[in-house]
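Just so it is clear, none of the values below were taken in a lab; they were calculated from the coordinates. As the structure is a prediction and not an experimental result, all values here were calculated from the model. Ideal geometry is used to build each Cβ from the backbone, glycine not excepted, and the neighbour counts take in all protein chains shown.
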Amino acid sequence: MNTKKIVITGGPGTGKSTLINELIKRGHTCLEEISRQVILDAKKEGIDQLFLTNPLMFSELLLKGRQKQFVDAELFKNEIVFFDRGLPDVLAYMDFIGDECPENFIETCNKSKYHTVFILKPWEAIYTSDNERYETFDQALEIHDHLVKTYENYEYNLIDVPFDTVENRTNFILNKLKM
């Protein structure tokens with residue numbers, strides 16, 4: 001089966017995980033964001049902020065995990081699988097902090113293409129920080145710009161998800177996919 005891989009992306013605190021949880025609740029197959037697990041695993045090793053301390057290692061771990069998700073999506077044998085962030089997010093965040101992307105990162109994004117990408121704009125009304133999300137709202141705005149630029153560099157036509165209730169945002173995505 002040729003599974004349609006659908007990305008829901010956006011800067012920190014835009015409601016991606018909430019939408020993924022709603023899609024799961026409605027019976028859709030979703031692969032959750034892995035960065036929090038990478039951060040928590042690093043904390044167990046005594047590294048408080050791996051992304052800040054060793055951004056390349058953090059990015060390599062994310063790329064590897066997201067590539068595994070991309071490949072594993074075919075195992076579900078579903079017509080559609082949703083992803084909380086995609087491979088190009090790794091490159092966008094590296095660009096945000098001013099790091100160069102290794103060639104294998106670029107190659108991975110070139111050969112692993114998603115069917116559709118939905119993007120959520122920063123929404124100050126719902127933005128919160130926590131132990132794993134250390135960015136300010138202004139940084140979330142900047143990250144959004146890097147995400148747009150990166151996905152467009154890989155020739156994706158981004159679909160903006162409007163600000164609305166979780167139910168309406170989810171309906172918007174499903175309607176765009178004609179589900």
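Listed values, structure above:
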quantity: Contour excess over end-to-end distance, with Cα ends at LYS111 and GLN139 and 0.36 nm allotted per residue; calculated: 7.1 nm
quantity: Theoretical gain in end-to-end length, THR165 to LYS43 [0.36 nm per residue, Cα-Cα removed]; calculated: 40.6 nm
quantity: Region 1-76: GluC sites (Glu not before Pro) falling in loop per DSSP and having at most 14 other Cβ within 10 Å; calculated: GLU45
quantity: Cα-based shape type of region 82-179, given that a ≥ b ≥ c are square roots of the gyration tensor eigenvalues and the cut on a/c is 1.5; calculated: oblate
quantity: Relative exposure of SER59, SER112, judged by other C-beta atoms within 10 Å (fewest first); calculated: SER112, SER59
quantity: Cα gyration tensor shape for region 4-176, rounded if a/c is under 1.5, else prolate or oblate; calculated: rounded
quantity: For the chain, built as a Gaussian network whose Cα springs stay under 10 Å, the top-fluctuating residue of ALA125, ALA92, ALA42; calculated: ALA125
quantity: GLU32-ASN54 pseudo-label distance in nm [points 7 Å out on the Cα-to-Cβ vector]; calculated: 2.5 nm
quantity: Cleavage-rule hits (trypsin sites (Lys or Arg not before Pro)) in region 33-128: DSSP loop, at most 10 neighbouring Cβ within 10 angstrom; calculated: LYS77
quantity: CD proxy at 222 nm, helix term only [per DSSP H run n ≥ 4: -39500 (n - 2.57); per residue of the chain; nearest 500]; calculated: -15500 deg cm²/dmol
quantity: Lysine pairs with alpha-carbon atoms under 12 Å apart, region 4-176, spacing 8 or more or separate chains; calculated: 5
quantity: Selection from PRO12, LEU31, GLN49 lying farthest towards where the dipole of region 1-51 points positive, charges on Cβ; calculated: LEU31
quantity: Fewest-first sequence of MET57, MET94 by Cβ atoms within 10 Å of each Cβ; calculated: MET57, MET94
quantity: Only Lys, Arg (+1) and Asp, Glu (-1) charged, at Cβ; the chain dipole about Cα centre in debye; calculated: 860 debye
